[in-house]
Amino acid sequence: MKTSKFLWLPLALFLPMVFMASASAGNLEPSGPPGSTMKSLDQVEPRIPITSVPITIDQPGSYYLTNNLTYNGQGEAITVASSDVTIDLMGYSLSSSADNGMGIRIIAENVEVRNGTVRGFGWCIHSSNDFSRISNTSVLDCRVIGIVVSSNSAVVGNIVSRNGGGIWTRSGNRLANNIVNGNGPYGIYIGSVGNTVIGNTVRKNEYGLIFNGGDNLVDNNVCTENSAVNMGSCNTCTFGLNHAP
């Protein structure tokens, strides 16, 4: 009996504490389904619409097209004069029928253009400053050059076709997984040193992939059916497994 008494004593003290805790906690049943905790894209990264051109972007931020835009003037449709800018074309096109001027002119650092089409200008996308990124964009029918980047930039996953020249770069850039097709005098022109050129398809240009600088890494590119040269020589470049008959 003494054993039973000692076993029941802690239990007798514990049970009132449980009931008191339950009472103080109140009703534990949820009042309704949980609300959404997800933030909208504009809440995470407030964005600024581009509804007409010409426009000069002089403040950092994230910009986006709301519809197809056309500019037939002599200057630039979009000028980026501020660093730290993203332009999301949102699948829309920025176009010209005048065959001159520039579609997007970048004169600041750390600017990205992505996800749409730029066509019909003299220069489609021209960046004279470093740290640009051009991605997932169709660059078409520009009279002079499709894409120009300076240094330490990335040109990735674009379609560059039927331009006076395809892609022109300086030093320290990454060119990857672009389709460069049917441009005239060159598809990709590497104008300096230290570039990485990987996984591009370069076809039916006059000169496919040519170099005016060394110490570039060139790997896994397919350069075929270019009328003059498929792939130029470079004594100080590192060549991987390219297909350039």
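Quick note: the coordinates plus some simple rules give every number you see, no bench work behind them. What you are looking at is a predicted structure, and each value in this text was computed from that prediction instead of being measured. For neighbour counting, all protein chains shown are included, and Cβ atoms are generated from backbone atoms with ideal geometry for every residue, glycine included.
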* To do: Apply 1/(1 + (r/R0)^6) to the Cβ-Cβ distance of residue 235 and residue 51, taking R0 = 45 Å, and write down the FRET efficiency to the nearest 0.05.
  => 0.30
* Asked: Hey, rough spin-label estimate for residue 67 and residue 90, points 7 angstrom out along Cα→Cβ, what's it come to in nanometres?
  -> 1.1
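Report the full-extension gain for the segment residue 228 to residue 212: residue separation times 0.36 nm, less the Cα-Cα distance, to one decimal in nm. Mind dumping the intermediate values first?
On the way: separation 16, 0.36 × 16 = 5.76 nm, distance 1.65 nm.
Going from the current span to full extension adds 4.1 nm.
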* Structure fact -> Here the FRET efficiency for residue 220 versus residue 162, based on Cβ atoms and R0 = 41 Å and rounded to 0.05, is 0.95
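According to the square roots a ≥ b ≥ c of the eigenvalues of the Cα gyration tensor, what is the shape class of segment 92-138, taking rounded for a/c under 1.5, prolate for a/b larger than b/c otherwise, and oblate for the remainder? Numbers along the way, then the final one.
Values: a/c = 3.19, a/b = 1.40, b/c = 2.27.
Here segment 92-138 falls in the oblate category.
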* **Distance (nanometres) between label positions extended 7 Å along Cα→Cβ at residue 177 and residue 83** => 2.8
* To do: Give me the distance in nm between label points sitting 7 Å out from Cα along the Cα-to-Cβ direction at residue 243 and residue 128, one decimal.
  => 4.0
* Work out from phi, with θ = phi - 60° and the Karplus expression 6.51 cos²θ - 1.76 cosθ + 1.60, the ³J(HN,Hα) of each residue of segment 117-130, listed in order in whole Hz, and give x for Gly and Pro. => 9, 10, 8, x, 8, x, 10, 6, 10, 10, 10, 9, 10, 7
* Burial ranking of peptide ranges 220-230, 158-168, 65-75 (average Cβ count within 10 Å, highest at the top) -> 158-168, 220-230, 65-75
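Assuming 1.306 mPa s and 10 °C, estimate D for segment 55-239 with Stokes-Einstein, Rh taken as the Kirkwood radius over Cα pairs, in µm²/s.
Values: Rh = 15.9 Å.
Using the Kirkwood radius from Cα pairs, D works out to 100 µm²/s.
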* Note down the magnitude of the dipole of segment 55-239 about its Cα centre, charges +1 on Lys and Arg C-beta and -1 on Asp and Glu C-beta and zero elsewhere, to the nearest 20 debye. => 340
